[in-house]
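Reviewing the structure listed below.
The values are calculated or read from the model by the stated rules, or taken from the named source; none is laboratory data. This structure is a prediction, so every number in the text was calculated from the model and none was measured. Cβ atoms come from the backbone with ideal geometry, glycine included; neighbour counts cover every protein chain shown. Accessible surface areas use protein heavy atoms only, side chains included; no ligands, DNA or RNA. Shrake-Rupley method; radii C 1.70, N 1.55, O 1.52, S 1.80 Å.
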Amino acid sequence: MKDSGHDGDEQCYDNNISTFEELKSRSIDSRHLYEWNAPIDTIHNYEKYLSGNDLTFANHRYCNCSPNWFGIRCQYSFGEANEQVTFDEIIISQFKRKKPLYDNYEIVNHPSMLTCYEGLQCDSVICLDWQQICDRQINCKKGEDEPEECLLLELNECQNNEYRCRFGGCIPKSFLIDVSYDCMDLTDETTTYYGQQNNSDCYSTPLPMCDFHLCNKDKFSCSDGECMALTRDSVWCNNGRDLFFNQKLLLSSLSSNEKNSSKITAECWLLMLCTTGKRYTDLFGYNYSTCQCSLTSSDNLLCGDYFRKHCPKMFMFQTVNNFLYPFVQFLYQTSLNDSLLWWKPTHFCYNRSLCRAVPFTSTMFINDMMCISTQPVNYDHLRWFKNIFIACSTTPTSALINDKRLFYCNMSKTLISIYRLDEQYENCYLGEDSYYDDNVRRILNLTDYFKCHTVDQWWPRPLIRLGRCSDKSDLLYVGQCTTASDFGCQYLRGIYSPPINYIFRENCNHQVKLLYSIDNETDETSCNAWPPAYCDGYWNVINGEDELNCTNTTLSYITHRVFQCNLNEHYCVYLNGTMGCLSKERAGDGSIDCLGGADERAIMYDSHDRIHEFYCSNTARQFIDDSNIGSSAEYLLKNSLCDNMKDCPHGDDELMCQWKGNVTGSEILDFMCHNGTSIDREQQCNDIIDCHPNAEDEWFCDLYKLKDLKFALNKIEAYPSVNIDSTYLPNIAGTRSYVASRPTNDISYESMKPLDNWFCNRGIIVRKRSSTAECFCPPSYYGRRCEYQSERLFVILRLDRPVSLSGHQNQQYAIRLMAYLVLDDIVIHYQEILHATFMKQMFYLNYPRPAPKPRGNWTVRLDAFAVTKYDVKFQAAWLFNVPFSFLPVNQLALHLTLNDSETCRTLLCIHGLCRKYLNSPNHEYCQCEDNWSGKHCNVTTTCSCAEGSKCVYGYFRSICVCPLGRMGSECHARFNPCDNIQCQNGGTCMPFDEREKKFVCSCSDEFYGDYCELSHARIDIQFSSSLSFRESQLSTVIIVYFLELSHDSDGYLSIQNRYLYKQEQQLNKPLRIFNKNQQNLTAFVLLEIFSEPSIVNYYIAAIVKQYLTNLNTIVDQSNRCPYVDELLRNETIRQFPLIKKVKYYRYICEMDFIGKCFHDEAYLCFCNSDHQPDCLFYPHESAQCAIDYCQNNGRCVQNNFNGVWDFGCVCSECTYGSLCQLTTSEYAFSLDMMLGQDIRANVSLSNQSFFIKFVLALFILMLLFGFISNFLSLIIFKKQLNVQQYGCGVYLFCLPIVGQFGLTVFVGRFIYVLGTQLYNVNHRSAARWSCVSLEYFLSTCPMLFDWLTACVAVERSVSVIKGVAFKKLDSVWWAKRVICSLLIIVFLSSWHIPFIHDIIDDPRATALHVWCVIRFPRSSLRYYRLTVNLINLIIPGLISVVATAFTLHKQTRLKQALLANDSKEKGYLKSLKKQLPFYGSPLALVVFSLVRLIFSFTLICITKQWQKYVYLTAYFISFTPLMGTFPIFVLSAKIYRTELENFRKQLVEKLRGPSV
């Protein structure tokens, strides 16, 4: 109950009142109030008072209720004596107390027991039910319940990943045939597709299905989910709604004021009432036995005379169950009535103006209604009769008739959806929708239909597996469909279609499985190569020699010990009853020698698709002569043998047991042995000899032997071999839970009248202090007695969440979903749901009350938050339009996948972030920062939510999203159910949901259970060094399958668990994998390893033949399961279709195959101890991601299992990272590539690896050294005034500026990489522009520096060439313009950088980290970038080399001319050596550029760790020139060294201060 605030003088019935101030003085906290079951609002207000947020609550009164009472004044009770009864148990118990009311006629005197939809009130028999809106039947006299917009249901089409329900709604295809109802008309499941389920128990159960179930049009809706067939006298609603309807219907004739028909007399009305039967005479209080005329009267002629005498010549009377009234009314003309059928109406009348499409004409009009004779119409067939008037709801215009989404019923002028065709359900008058042009089907969404393999038949998928296809192809699938994840269900949905639809052992087993051929093959063709199975009790060859010479079998005992046959003979009872032996040469020769056709069984069973049985001699001969004997075959079950009754015409079934005398009494039901012992028939043919010594109870039992289809695990070698150890064996008898389950509470009630239990309809009765009753209504009803039906949206939701929000490391997270029903940006209603893994969750979003709701743009927004005990973090949002919002009750079925939403730049978000809806990337929204709201996050908002919670704005209303352990409208109320909870094995108790599951134990990786009391089974996998991918630096993705071989399954595997592991480093460490929520390992553990984008291999990690809880295994090359074509040596066999190829697998096992397994497209195969193949059906599901998250052509591998999804990227050469986002293949250095894999995300800097700390130190040293170098250079070049009088000096002055700026950007780029991985990125826009700008200047600064260096060399060369003619002013003039030009050219040539750099993040991450990556929208940009980089690397260097060499040579020649006394050669070298430090030092910069160029083209791919270090060294070297201005240009020139010395002296003098 909602707390209304201060109670004033309202009475507290328990007289236990305390103010909040008094509670505080007694040290009472909100936890105590929670334990005392105080209202949530009271707890919320008290916590606000305690925290000092609202001291006005000091005098607020709290009423502490005694047991079994609740409410803000303790005014309510459920009347339970047991305090431990839960609310769920109370609801169930109250519903079970209800007794059916179909014969309780008192109900019609209680109009509040008739539930009504108040949104549309019209002239109808009784108030409308919500299902009567757009049900294609006019229930209002003027047709208001069938507006034109109802046609939208027929016009609706679903997406390819959706299934269309018959009524027009859509559900996710993953919800189809999943053993739970999702369509409102229940057409998504096989058992309810045709509406067979009437939900007759809805009156006594609170199941949600009852509140949203739409009845088929041939059913009457009882308004509570129960649907009754439309027949003339069999509509019996358990809640009595049909009594209300028929009472008003029958009384309507008495109150009729039709002008052109006479008013019916009381005698006539009573006469007509008697024709309705005893139920309705009792309804009106009349004794049916006093009726002189009824449907059972013997004298119809006399009744006809009485009818004409007392009834007017023309009158209106509505027969029972005229569900079309008042739109359609029945007219009687006594002069036209047949005397024998006097009770039948002669005409039906309807409003012609509202329904011009009815295919009948008449000139008879009464009260503006056209009346049609009932003679050509079977009005008793109500479903068929209703089809006539379906067309009344829509006028068939030419546009609609030609609409490809609709089918036009020409005879009834009705429009129906094309998806209603061919479903064996008549929708048109006279069933014309059953005959249509096949071209209509071709425009259907055929994914909703199953195409029969060999015939042109299409069936809705829920109808397959029922043998609808004439070729029975819909029955051909492997596995079961008992849970949603079963492979059988996936096949039925059309999600998975294997190349073979039967198990391996069904090949060549003499039982035809495939009734049609595929590639001219069936399961029973090409069986010559199929290996026979010896001594399995089944004749695998025609003469049965595979069952000879067997030992230790019941059959061998009978053959050799009883019948005394030799090794080459079968035992036989000849046709005359003589017992003997038959040589194998006579078996299978086409001539029957033994009773039951036992010697020709292979021929008979192979030629007739029937289970093995005892065939009478006349039938057996027919088999040999004609295999197509059809149903005339006479065969016997095993219990018919030797039962002292001759079932075969010639008594064959009793000839072999002539020792039996005349058996009477109960002995005939037993089997009589030759020794006189009587045994139970169940002991016959149980493979145990009960009749000694001759084993008569097992004779001929091999005839009934079916080939064993089960996989023989006992014949497969276990891997690894494990000694049976009791420590590995669990308690097979059962594992005790840590805490025993609470016993079910027995709820007792005082006896009540039947109608009293229905007081609240589908609500819950509560008792008040005044002993009166009050109703608590469910969301689907409202009103004092829950008598009004709510307008509502029923949401069915399943959410798959990323693995990053699962597992122990994130078990302290929960996903809280906020669902908002929004009308034109205003929240009308909202619900919050705590996500439950593996489950569908159902809830209501209610429209405003009372009905009808306003028209407008109705949408549903879903927000997902990751919540802990301390904070709430927004994750993503979805936005959905409400389909068919004109309906009073509708449904939204959603299968969502939670990942990180994309950012956008199309919406201006001033104080927020632009994001895209996950389901609608073309629609954006602003995710606002705290205390900001509005569409553009430009409205300041004050939030009253408690600390740690989050305000949700944007719809003119603030909503608080609470962390775990908080509740209330503003999240101030606390609850902590963990005080008395002990989680075992290091688990941590976490508060969860105050409504249902109060707490969860967050368990460590090794444990699970409600209290972490159970251990996961685990397997430790070591990868052998012989595996080629073990040492690879490329990322490897491994999918681990725990495959279970169920005891009741025939040759197919089911997946118990499936996990994806991403290995971005070498696989040189053991991989520990837990089989979660299971105490034992499965029979097989299979690895699917993606080592390169185009390479995938299967490896068997374990074959387990006993109960094991943990296992260590080694995977090497022998564990690989190669594709079968790698093992088949014969090229011809390899080219066979798979259905034929499987029959040649024996050749693989007969050769020296040293592997443990092999596979094909359908099977996982093993070679058993007999060197024969045995295969298990194993569906190979596609691991391809639905959304490709991987960059740079990486392969995206996805796993979505049990509601948790994950993916991994298998990177190609030269790409690295979790998303393959890091690359060296673009001939450019990247800090992300070199350091990204070594940075530990969300780990503090102090806990980073030594390598990262070392690199950080290098960056700091480079920045400091560069700052000193460039600062000194700048001072020297600025102080030396003569320098700036030359163009060269201008260039030199600019070099330290560019160098220092470049170094700063260089260090900033490292800080960016480090910071974006260590901390959350909350401002993606700032992160992106930082990425682009840093990369831009990181690219342009070295280019500009190299060009300036080249300019220095050119300037010096020009000065040497011109000599005294060199003009300093001109050189300065040119230098300034060259610098400006260089700036423009370099910056403009790098225009592409903002377009190829972007930020990406991992959608699985719980924290938001981004990577600055290169992505080329067009390949031309890749080549342009390469060209620009090469030009800026090569051209400046070449210019510097040429200009410097020329300058050195010229200067050397000049100096040499001055040295006259030295020889020419010696003087040149000496002069060159003197000039080299000044003019040649810039060549060092060229060397650095050359190093960068060489490494860019040589170390393209990093495959070894040392290459990374070399690459990083080269990267640092490439930026060394930026800090080399001082040593290269200052220290190399005497003039600058002199200036440096002067600067040093001046600095020292300033530091010493003025001399005294």
Query - Subset of the stretch 854-900 (residues that are touching a residue at least 40 places away in the same chain (Cβ under 8 Å), of a type in the set (S, T, N, Q) and outside any strand (DSSP E or B)) - result: 868, 899
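Quick check on this structure: which one of 334, 374, 346, 361 is open to solvent by 40 Å² or more (accessible area, probe 1.4 Å), farther than 18 Å from residue 277 by Cβ and either touching a strand residue (DSSP E or B) at 6+ places or on another chain (Cβ under 9 Å) or of a type in the set (A, V, I, L, M, F, W, C) (or both)? First the steps, then the outcome.
On the way: 334 fails: open to solvent by 40 Å² or more (accessible area, probe 1.4 Å); 374 fails: open to solvent by 40 Å² or more (accessible area, probe 1.4 Å); 346 fails: open to solvent by 40 Å² or more (accessible area, probe 1.4 Å).
Of 334, 374, 346, 361, the one residue that is open to solvent by 40 Å² or more (accessible area, probe 1.4 Å), farther than 18 Å from residue 277 by Cβ and either touching a strand residue (DSSP E or B) at 6+ places or on another chain (Cβ under 9 Å) or of a type in the set (A, V, I, L, M, F, W, C) (or both) is 361.
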Query - Hits in the stretch 1186-1197 (condition: in contact with a Pro (Cβ under 9 Å, 6 or more places away or on another chain) and either open to solvent by 30 Å² or more (accessible area, probe 1.4 Å) or acidic (Asp, Glu) (or both)) - result: 1187, 1189, 1193, 1195
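Give the residues of the stretch 1334-1350 that are touching a Ser or Thr at 6+ places or on another chain (Cβ under 8 Å) and among the charged types (D, E, K, R), sorted by residue number.
Step one: filter the stretch 1334-1350 for residues touching a Ser or Thr at 6+ places or on another chain (Cβ under 8 Å), giving 1336, 1339-1340, 1342-1343, 1346, 1349-1350.
Across the stretch 1334-1350, the qualifying residue is only 1346.
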Query - Residue in the stretch 113-122 that is out of contact with any Phe, Trp or Tyr (no Cβ under 9 Å at 6 or more places or on another chain) and not in a loop (DSSP other than H, G, I, E, B) present - result: no
Requested in this report: Any residue in the stretch 821-833 that's within 24 Å of residue 992 (Cβ to Cβ): show its pairings with residues that are part of a strand (DSSP E or B) and basic (Lys, Arg) at Cβ separation under 7 Å, as long as the two are six or more apart or on different chains.
Outcome: 832/816
Report task. Filter the stretch 284-336 down to the residues that are at pLDDT below 90, among the small types (Gly, Ala, Ser) and in a loop (DSSP other than H, G, I, E, B), then identify the one that is nearest to residue 254 (Cα to Cα). Result -> 294
**Report entry** Single residue of 1448, 1531, 1472, 1551 found to be open to solvent by less than 70 Å² (accessible area, probe 1.4 Å), at pLDDT 70 or above and not acidic (Asp, Glu)
**Finding:** 1448
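For the stretch 1291-1407, list the helices (runs of 4 or more DSSP H) that sit wholly inside it and hold at least 2 residues that are under 37 Å from the mean Cα position of the chain (by Cα); which are they?
On the way: elements: 1324-1362, 1368-1389, 1393-1396.
Answer list for the stretch 1291-1407: 1324-1362, 1393-1396.
Is there a residue in the stretch 1162-1185 that is within 22 Å of residue 1399 (Cα to Cα) and open to solvent by 10 Å² or more (accessible area, probe 1.4 Å)?
Restricting attention to the stretch 1162-1185, the residues satisfying the condition of being within 22 Å of residue 1399 (Cα to Cα) are 1185.
Next, from what is left, pick out any that are open to solvent by 10 Å² or more (accessible area, probe 1.4 Å): 1185.
Scanning the stretch 1162-1185 turns up at least one residue that is within 22 Å of residue 1399 (Cα to Cα) and open to solvent by 10 Å² or more (accessible area, probe 1.4 Å).
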Query raised in the report: Looking only at strands (runs of 3 or more DSSP E) that fall completely inside the stretch 913-1002, which ones have 3 or more residues that are at pLDDT 85 or above and out of contact with any Asp or Glu (no Cβ under 7 Å at 6 or more places or on another chain)?
Result: 924-928, 988-991, 999-1002
Report summary line: The number of residues in the stretch 19-47 that are open to solvent by less than 10 Å² (accessible area, probe 1.4 Å), over 39 Å from the mean Cα position of the chain (by Cα) and not aliphatic (A, V, I, L, M) is 4
Query raised in the report: Any idea which residue in the stretch 437-450 is most open to solvent (accessible area, probe 1.4 Å), counting only those that are within 21 Å of residue 474 (Cβ to Cβ) and at pLDDT below 70?
Result: 442
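If I filter the stretch 1288-1314 down to residues being of a type in the set (Gly, Ala, Ser) and open to solvent by less than 10 Å² (accessible area, probe 1.4 Å), which single residue comes out as farthest from residue 1512 (Cα to Cα)? Talk me through it step by step, then tell me what you get.
First, pick out the residues of the stretch 1288-1314 that are of a type in the set (Gly, Ala, Ser): 1289, 1299, 1302, 1308.
Narrowing further to those that are open to solvent by less than 10 Å² (accessible area, probe 1.4 Å): 1289, 1299, 1302.
On the way: 1289: 34, 1299: 20, 1302: 18 Å.
Per the criteria, the residue is 1289.
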Requested in this report: Hey, can you tell me all the residues within the stretch 1055-1095 that are open to solvent by 40 Å² or more (accessible area, probe 1.4 Å) and assigned to a strand (DSSP E or B)?
Outcome: 1056, 1061, 1062, 1063, 1072, 1092, 1095
Report task. Just name the residue that is surrounded by the fewest Cβ atoms within 10 Å (Cβ to Cβ) out of those in the stretch 403-430 that are polar (S, T, N, Q) and modelled with pLDDT under 80. Result -> 424
**Report entry** Selection within the stretch 177-225 - in contact with a strand residue (DSSP E or B) (Cβ under 9 Å, 6 or more places away or on another chain) and of a type in the set (D, E, K, R)
**Finding:** 182, 188, 211, 218, 219
Query raised in the report: In the stretch 1333-1353, is there at least one residue being surrounded by fewer than 17 Cβ atoms within 10 Å (Cβ to Cβ) and under 30 Å from residue 914 (Cα atoms)?
Result: yes
Report task. Within the stretch 915-929, track down each residue that is without any contact (Cβ under 8 Å) to a residue 40 or more places away in the chain and either touching a strand residue (DSSP E or B) at 6+ places or on another chain (Cβ under 7 Å) or of a type in the set (A, V, I, L, M) (or both). Result -> 915, 916, 924, 926, 928, 929
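Quick grid of which residues meet (1) over 19 Å from residue 1414 (Cβ atoms); (2) without any contact (Cβ under 8 Å) to a residue 60 or more places away in the chain; (3) not hydrophobic (A, V, I, L, M, F, W, C):
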site	(1), (2), (3)
1241	yes, no, no
1265	yes, no, no
1296	yes, no, yes
1332	no, no, no
1342	no, no, yes
Requested in this report: Collect the residues in the stretch 123-139 that are assigned to a loop (DSSP other than H, G, I, E, B) and not acidic (Asp, Glu), keeping them in residue-number order.
Outcome: 124, 125, 126, 127, 128, 133, 134, 136, 137, 138, 139
Report summary line: Taking the stretch 808-864 and the residues there that are out of contact with any Pro (no Cβ under 9 Å at 6 or more places or on another chain) and among the β-branched types (Val, Ile, Thr), the one that is surrounded by the most Cβ atoms within 10 Å (Cβ to Cβ) would be 822
